[in-house]
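Please read the structure below before turning to the comments.
Rule-based calculations on the coordinates, nothing more; no lab input. Nothing here was measured: the structure is a model prediction, and the numbers come from that model. In this analysis, Cβ positions are derived from the backbone assuming ideal geometry, glycine residues included, and neighbour counts consider all displayed protein chains.
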Amino acid sequence: MPDPQGPNAFVSEAYGLEDEATMIEFYRKWAEDYDHQMLDQLGYTSASDIARLLAEQLPDRDAEIFDVGSGTGLTCVYLADHGYRNLDGIDLSPDMVRVAAQRGIYRELLVGDVTTGLEREDASYDGVISSGTFTHGHVGPEPLDEIFRILKPAGVLACTVHHELWEPMGFAAKFDALEHAGRAQCISRELLPYYRSGPPEGWFCVYRRSGSARASSAATMK
């Protein structure tokens, strides 16, 4: 696969991160300016779009939601603005977590590596959300088993996966395996832009944890 290129130098550098140390240093440098880079310069819409898809499946504003790769909290801003109160999150970067905490929208924020496990109880969340984490230079499908472990039966995962990684990095195979094992069901999967007026870049995925009558309803695929 050729070196990935983002819509500007900032995102291209993020796509090229190769290990935990460089990732932490990159986000230390950019934490304070991250929102400006993504929202003002690039017109980043992925975070609010995936949050809207989750909200459509979880109308109860008391739903407990876990944000995987929370960054500065952009994904949960939409949820908080729409009345969701029980928001927790985790990110590898202490500096991004610090900026997210300043928003005052999270109940709990953790610093941690999502590829090594999630220190949450089984079946403890109604929803899990993730935007911009399953992408070049970041995280592969490793956390998906843990995500479905912490979801309650009929709980919902809404996440984005960069389309260039869907098959090469094993996301397609992992979601297929979860479905075949009876652990998950696809509600929708659609290829959409990450940025306003940009080309389609990522799969916007909504999956339900199997375990109730609701989970047996027919999935839709766009």
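Structure above, values below:
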| read-out | value |
| --- | --- |
| Exposure proxy order (Cβ contacts within 10 Å, fewest to most) of 196, 208, 189 | 196, 189, 208 |
| Cα gyration tensor shape of the range 72-125, rounded if a/c is under 1.5, else prolate or oblate by comparing a/b with b/c | oblate |
| Packing-based ranking, highest mean first, of 74-84, 108-118 given that Cβ atoms within 10 Å are counted | 74-84, 108-118 |
| Computed E for residue 98/residue 190 - FRET, C-beta separation, R0 30 angstrom, nearest 0.05 | 0.35 |
| For the range 9-216, the Rg and Dmax computed from alpha carbons only, in angstrom | 15.8, 47 |
| The range 107-134 versus the range 180-210: alpha-carbon centroid distance in Å | 18 Å |
| In order through the range 115-130: 3J(HN,Hα) via Karplus (6.51 cos²θ - 1.76 cosθ + 1.60), integer Hz, x for Gly, Pro | 7, 9, x, 10, 7, 10, 6, 4, 6, 10, 10, 7, x, 10, 10, 7 |
| For residue 128, distant residues with modelled amide H under 5 Å away | 66, 156, 157, 158 |
| Taking 194, 44 and counting other C-beta atoms within 10 Å, the order from fewest to most | 44, 194 |
